[in-house]
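> Below: one structure in structure tokens.
The values are calculated or read from the model by the stated rules, or taken from the named source; none is laboratory data. Nothing here was measured: the structure is a model prediction, and the numbers come from that model. As a convention, Cβ positions derive from the backbone with ideal geometry for all residues, glycine included, and neighbour counts pool all protein chains shown. Each accessible area value is taken on the protein alone, full model and side chains, heavy atoms only, with ligands, DNA and RNA left out. Shrake-Rupley method; radii C 1.70, N 1.55, O 1.52, S 1.80 Å.
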Amino acid sequence: LNHYLGSDYVGYGYFEPYQRATKTAKHLPYDVAEAIISTLYPFEPGEASTVLNVMLYNGVVLAAVEAVVADADIAEAMGYSADQMEWLDQNESKVWDAIITKRLLYSSSLGDADRLTRPAPATTIIHQQSPGRLGRYIGYKIVKSFMKNNGECDYVKLLQPSFYNDNQSLVLSGYNGGK
């Protein structure tokens, strides 16, 4: 609980600003929900896991967190500011194009997956001004599109390797980069 004393708490001075953004009591339910979900359903890599698989897993976890936290706000769940969400809304199709153009989607590099999904001040592999964890947000958008286009979806099924390790999940989602 000592990590939720407020982003301006003097004791958090050694944390980077992007890390302090989630050091609030408001963010606690998101962290608890994510810890429970990711502990019960850890990522299980397939034989040839790709960045897409990691993005899908992170997207499902984020969507499940949104489903279980009362009055969830996706920006708060991601630790994003209003400006960062606005940037994402305005640049989603450009981000998707960059992921495709840079051949990241089917990359088997764990480094590429980390650069797209781990906490950071920016996802510089895509754009210098992009928020961190951009791949996680795109994964969330793919999962939400999948759920919209495939009827009622059970989060327990989506948290299984048979969903996030199946590249057909992207096709079935109908996600087109927010276009």
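> Exactly one condition in (1) surrounded by fewer than 19 Cβ atoms within 10 Å (Cβ to Cβ); (2) more than 22 Å from G46 (Cα to Cα); (3) modelled with pLDDT under 95 is not met by Y80; state its number.
In the conditions (1) surrounded by fewer than 19 Cβ atoms within 10 Å (Cβ to Cβ); (2) more than 22 Å from G46 (Cα to Cα); (3) modelled with pLDDT under 95, Y80 misses (1) alone.
> Further, regarding this structure: Kindly provide the set of residues from the stretch 149-179 that are under 16 Å from G135 (Cα atoms) and of a type in the set (A, V, I, L, M, F, W, C), ordered by number.
Hit for the stretch 149-179 is L170, nothing else.
> Determine the pairs where a residue that is without any contact (Cβ under 8 Å) to a residue 12 or more places away in the chain, located within the stretch 95-108, has a partner that is basic (K, R) with Cβ atoms under 6 Å apart, the partner being 6 or more residues away or on another chain.
none
> Identify, from the list Q160, Q129, Q168, the residue that is open to solvent by 70 Å² or more (accessible area, probe 1.4 Å) and out of contact with any helix residue (DSSP H, G or I) (no Cβ under 7 Å at 6 or more places or on another chain).
Q168
> May I pose another question? Please determine, by comparing only the residues of the stretch 122-179 that are part of a loop (DSSP other than H, G, I, E, B), charged (D, E, K, R) and in contact with a Leu (Cβ under 9 Å, 6 or more places away or on another chain), which one is farthest from K102 (Cα to Cα).
D166
> Next question, about the same structure. Could you tell me which residue of the stretch 54-83 is nearest to Y137 (Cα to Cα), considering only residues that are of a type in the set (S, T, Y) and out of contact with any Phe, Trp or Tyr (no Cβ under 6 Å at 6 or more places or on another chain)?
Y80
> Do we find that E66 is part of a helix (DSSP H, G or I) and open to solvent by 30 Å² or more (accessible area, probe 1.4 Å) in this structure?
Yes, satisfied.
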